[in-house]
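Working notes, structure below.
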Amino acid sequence: MSDLPRKAITRTAKLAALPLGFAGRATWGLGKRIGGRPAEMVAREVQQRTAEQMFKVLGELKGGAMKLGQAMSVFESALPEEIARPYRAALTKLQEAAPPMPTRTVHAQLAERLGEDWRELFEEFEDKPSASASIGQVHRAVWHDGRAVAVKVQYPGAGEALLSDLNQLSRFARVLGPLVPGLDLKPLIAELRDRVAEELDYELEAESQRAHAAEYTEDSEIVVPEVVHQCDQVLISEWMEGIPLSEVIAEGGSEQRDRAGQLLARFLFSGASRTGLLHADPHPGNFRLLTGDAPDGPPEQWKLGVLDFGSVDRLPGGLPSSIGVALRMALEGDAKGVYALMREEGFFKPTIDVDADDLLEFLLPMLEPAQADTFHFDRSWIRGQAARVADRRSPVYELGNQLNLPPSYLLIHRVTLSTIGVLCQLGATVRLRDELEAWVPGFAADPEADPEADPTADAEADPTADSVADPEDTEAEESPEAAERSV
């Protein structure tokens, strides 16, 4: 296996071959149809070949190419089944592994970063990597104090490759669109490119991991491995055994799926509140189901292991309360309140005006998981949502295009969508509403609120109230500005 390809011309040529290859296979497919083979059979074969070539190239290049592939993998469940089926196996491979870098390169990196006597730091070191990712790979080892550890080594030239790939892929985004129908690649690539520096900074990653490990050290459900040692381009953490979430998705039983899904939702929403950090890379390769001493149950004893804190969103105050308030008002049917709040937060540009009831009609089907006590996430549900908002003939499509996603919500939005994508891949039944009430500010009704002390209720009960009410106050209550203040 060769080193990570670093020459820009080599990487560009490989990436440029993707749309060309797609065009070639489309021509080949047309020829097959002319030759008499059924169109549906030919289309499936074209999709299969496209998937295999696309993710083979992305995995071999690692860097930004593989980072994009992993980010795309969590959206697979939203694609129509006839399109998603040939992609699924290829996408899963990218969630857990990629072609490794040569042993000699690994040893050279460790000698440069840890010193020529680096082997003395370990009782054992496995040259074969246990996992390979976009900018580094992980080796299992035993630290000099006897602890089993995971040694993450960054690929030489990973930073250059990451930026080069994402710049090239951005240029090809329009042409690459048909490779994964229904997914808008350009904003996804732009967001990944904005986070390059953090991904490459193992010191920053170590700080984020330590913060999570400290917060969850006594937690009975979430496990974060301790950082053992960190230096430039090398991060050593305690080893974590467990079932990769990708395996649970592929062959897990219903109890495993439900427990993993519940804990994934719990970690997503609790993390920002408890640590001020939002784990921003929720693809299945970064999670483990830890069954420990109870592999056959009960599921309540199983835990979720969380890995890779290279990409986080810093939210010192936790998730914005506006998210919880908007969700609650939408579920209560307060169309005007939701519209006023979203406009205040910048989800609509000043020149855009939409009907509040239409906005609520647009949002409510997506909020179905938060309405019931439990909700079963599956591919058919998310496909239905994707089809609904992508139908160009529908008013919903036009309203969706009028929405503006403020920069401060970009990463929160992607992490939430990605997590929902993973839940649908799991096919998990989850008590999502419980997690929202516990961790999202503003979602749960104020437990200290006393309806009898509500000034509105007093006014309704007091026949003289109208005579002393200030007309200006009444007008303010009816205005969008007042609605905004009330939340």
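The values are calculated or read from the model by the stated rules, or taken from the named source; none is laboratory data. Just so we're clear, the structure is a prediction, and the values are computed from it rather than from any experiment. Positions of Cβ are backbone-derived with ideal geometry, glycine not excepted, and every protein chain shown enters the neighbour counts. In case anyone asks, the SASA skips ligands and DNA or RNA and just uses the protein heavy atoms, side chains included. Shrake-Rupley method; radii C 1.70, N 1.55, O 1.52, S 1.80 Å.
Step by step: first the residues of region 349-374, then only those that are under 24 Å from the mean Cα position of the chain (by Cα) and part of a loop (DSSP other than H, G, I, E, B), then the one that is surrounded by the most Cβ atoms within 10 Å (Cβ to Cβ). Which residue is that? So that I can check it myself, show each step before the final result.
First pass over region 349-374, keeping only residues under 24 Å from the mean Cα position of the chain (by Cα): 362-374.
Remaining after also requiring part of a loop (DSSP other than H, G, I, E, B): 372-374.
Working: 372: 11, 373: 8, 374: 13.
This residue is 374.
Looking for something of a type in the set (Lys, Arg) and closer than 30 Å to residue 286 by Cα - is there at least one such residue anywhere in region 390-407?
Step one: of region 390-407, the residues of a type in the set (Lys, Arg) are 392-393.
Now narrow it down to the ones that are closer than 30 Å to residue 286 by Cα: none.
No: region 390-407 contains no residue that is of a type in the set (Lys, Arg) and closer than 30 Å to residue 286 by Cα.
Inside region 129-151, can you point out the residues that are part of a strand (DSSP E or B) and either within 16 Å of residue 103 (Cβ to Cβ) or free of Cβ contacts under 8 Å to residues at least 60 places away in the same chain (or both)?
Of region 129-151, the ones part of a strand (DSSP E or B) are 131-132, 136-143, 148-151.
Those that are part of a strand (DSSP E or B) and either within 16 Å of residue 103 (Cβ to Cβ) or free of Cβ contacts under 8 Å to residues at least 60 places away in the same chain (or both): 131, 132, 136, 137, 138, 139, 140, 141, 142, 151.
Is it true that residue 314 is of a type in the set (D, E, K, R), at pLDDT below 95, on the phi < 0 side of the Ramachandran plot and out of contact with any Ser or Thr (no Cβ under 8 Å at 6 or more places or on another chain)?
Details: of a type in the set (D, E, K, R): yes; at pLDDT below 95: yes; on the phi < 0 side of the Ramachandran plot: yes; out of contact with any Ser or Thr (no Cβ under 8 Å at 6 or more places or on another chain): yes.
In short, yes.
Being farther than 16 Å from residue 207 by Cβ and in a strand (DSSP E or B) narrows it down to one of 304, 263, so name that one. Outline the logic, then answer.
Numbers: 263 fails: in a strand (DSSP E or B).
Step by step, each of 304, 263 is checked, and only 304 is farther than 16 Å from residue 207 by Cβ and in a strand (DSSP E or B).
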* Asked: Is there any pair with a first residue in region 358-372 that is of a type in the set (S, T, N, Q) and a second that is buried (at least 16 other Cβ atoms within 10 Å of the Cβ) whose Cβ atoms are under 7 Å apart and which are 6 or more apart or on different chains, and what are they?
  -> 371/331
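Residue 336 - would you say it is over 17 Å from residue 389 (Cα atoms), open to solvent by 70 Å² or more (accessible area, probe 1.4 Å) and either at pLDDT 95 or above or assigned to a helix (DSSP H, G or I) (or both)? Spell out how you get there, then give the answer.
Values: over 17 Å from residue 389 (Cα atoms): yes; open to solvent by 70 Å² or more (accessible area, probe 1.4 Å): yes; either at pLDDT 95 or above or assigned to a helix (DSSP H, G or I) (or both): yes.
Judged against the criteria, residue 336 is a match.
Does residue 316 qualify as being within 23 Å of residue 417 (Cα to Cα) and in a loop (DSSP other than H, G, I, E, B)? Steps first, please.
Values: within 23 Å of residue 417 (Cα to Cα): yes; in a loop (DSSP other than H, G, I, E, B): yes.
Yes: the conditions hold for residue 316.
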* Of all residues in region 187-243, how many are closer than 27 Å to residue 257 by Cβ, in a strand (DSSP E or B) and open to solvent by less than 20 Å² (accessible area, probe 1.4 Å)? -> 2
* Asked: Going by the conditions given, is residue 303 basic (Lys, Arg), farther than 26 Å from residue 226 by Cβ and surrounded by fewer than 23 Cβ atoms within 10 Å (Cβ to Cβ)?
  -> no
* Answer yes if at least one residue in region 267-289 is under 23 Å from residue 199 (Cβ atoms), open to solvent by 30 Å² or more (accessible area, probe 1.4 Å) and touching a strand residue (DSSP E or B) at 6+ places or on another chain (Cβ under 7 Å), and no otherwise. => yes
* Asked: For residue 380, are the conditions met, namely being in a helix (DSSP H, G or I), more than 30 Å from residue 427 (Cβ to Cβ) and modelled with pLDDT under 95?
  -> no
* Structure fact -> Of (1) open to solvent by 30 Å² or more (accessible area, probe 1.4 Å); (2) without any contact (Cβ under 8 Å) to a residue 40 or more places away in the chain; (3) on the phi < 0 side of the Ramachandran plot, residue 292 satisfies every one except (3)
* Structure fact -> The residue that is modelled with the highest pLDDT, considering only those in region 244-254 that are part of a helix (DSSP H, G or I) and out of contact with any helix residue (DSSP H, G or I) (no Cβ under 8 Å at 6 or more places or on another chain), is 254
